[in-house]
Amino acid sequence: MTSWLWVKLVGNLLNLSTATGLLVGLLGRARFSRGPRGLVFANGYRIRFPVAGAFTIGNVVLSKHDRSYFDNPALVRHEERHSWQYFWLIGLPMLPLYVVGVVMSFLLTGDPASRNPFERLADLSDGGYRERPIQPIGKTVTQAFSGLRSRPKGP
C-alpha cells in the first residue's frame with residue numbers, strides 16, 4: 001500500500017466510518033475478508049436496506065453477493081473512491097450528505113444515482129450506473145407515483 005492509502009486507512013479508522021461499516025456488516029451477518037488498497041469486503045450482507053449491489057461505509061464495502069462480486073476491478077475502483085469521500089468528509093457526515101445527493105438526483109432525473117455528486121465523483125459507469133438526462137419535476141413525480149400504484153398489495 002502507498003503512503004496515501006495508509007493515510008486514508010488510519011483517517012477512516014479515526015473518524016469512525018470504518019468502525020461503523022464493520023458494525024453494519026456484523027449486524028447484517030456479513031462475512032469479512034481483506035480487499036485491495038486497504039478495503040475490507042463484507043459479503044453476504046443480509047439486511048434489505050440499502051437496495052444496492054454494494055455500498056461503502058469508511059473502508060468497508062458491503063454486498064449481499066459473494067466475494068466473486070468484487071472480481072470486477074471497475075466496481076472496486078468505484079467503491080474505493082467512496083472510501084476516499086468518507087476520508088475527505090471526516091467520516092460519518094458523508095451519510096446524510098449522500099442522502100441529500102440521492103434526493104437531488106431523483107428529483108432531477110427520476111434516478112437516485114445519475115446526478116448524485118458522490119456517485120458522479122466515484123465514476124457512474126464504474127459503479128454500473130447510467131447517466132440519465134434531467135427531466136421536468138412533474139415527470140419525476142408521475143413516475144414515482146405510478147411505481148407505487150403498480151406494486152402488488154398485501155396477501
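The values are calculated or read from the model by the stated rules, or taken from the named source; none is laboratory data. This one's a predicted model, so the numbers in the text were calculated from it and none came from an experiment. Reconstructed Cβ throughout: ideal geometry from the backbone, glycine too, with neighbour counts over all protein chains shown.
Observations on the model:
- Filter result for Val103 (under 15 Å from the mean Cα position of the chain (by Cα) and loosely packed, with under 14 Cβ neighbours inside 10 Å): yes
- Considering residues of the stretch 36-60 that are closer than 18 Å to Asp123 by Cβ and either in contact (Cβ under 8 Å) with a residue 40 or more places away in the chain or among the basic types (Lys, Arg) (or both) only, the residue surrounded by the most Cβ atoms within 10 Å (Cβ to Cβ): Leu39
- Residue in the stretch 121-149 that is surrounded by the most Cβ atoms within 10 Å (Cβ to Cβ), counting only those that are of a type in the set (Lys, Arg) and out of contact with any helix residue (DSSP H, G or I) (no Cβ under 9 Å at 6 or more places or on another chain): Lys139
- Tally of residues being of a type in the set (D, E, K, R) and not in a helix (DSSP H, G or I) across the stretch 98-146: 6
- Only a single criterion out of (1) touching a residue at least 60 places away in the same chain (Cβ under 8 Å); (2) in contact with an Asp or Glu (Cβ under 6 Å, 6 or more places away or on another chain) is not satisfied by Leu16, namely (2).
- Residue satisfying condition, being of a type outside the set (D, E, K, R), in contact with a helix residue (DSSP H, G or I) (Cβ under 6 Å, 6 or more places away or on another chain) and either outside the structural domain of Thr140 (by TED's automatic domain parsing) or not in a loop (DSSP other than H, G, I, E, B) (or both), within set Leu13, Leu62: Leu62
- Residues (in contact with a Lys or Arg (Cβ under 7 Å, 6 or more places away or on another chain) and among the charged types (D, E, K, R)) located in the stretch 24-63: Arg29, Arg46
- Condition check for Ser33: touching a residue at least 60 places away in the same chain (Cβ under 8 Å) and polar (S, T, N, Q): no
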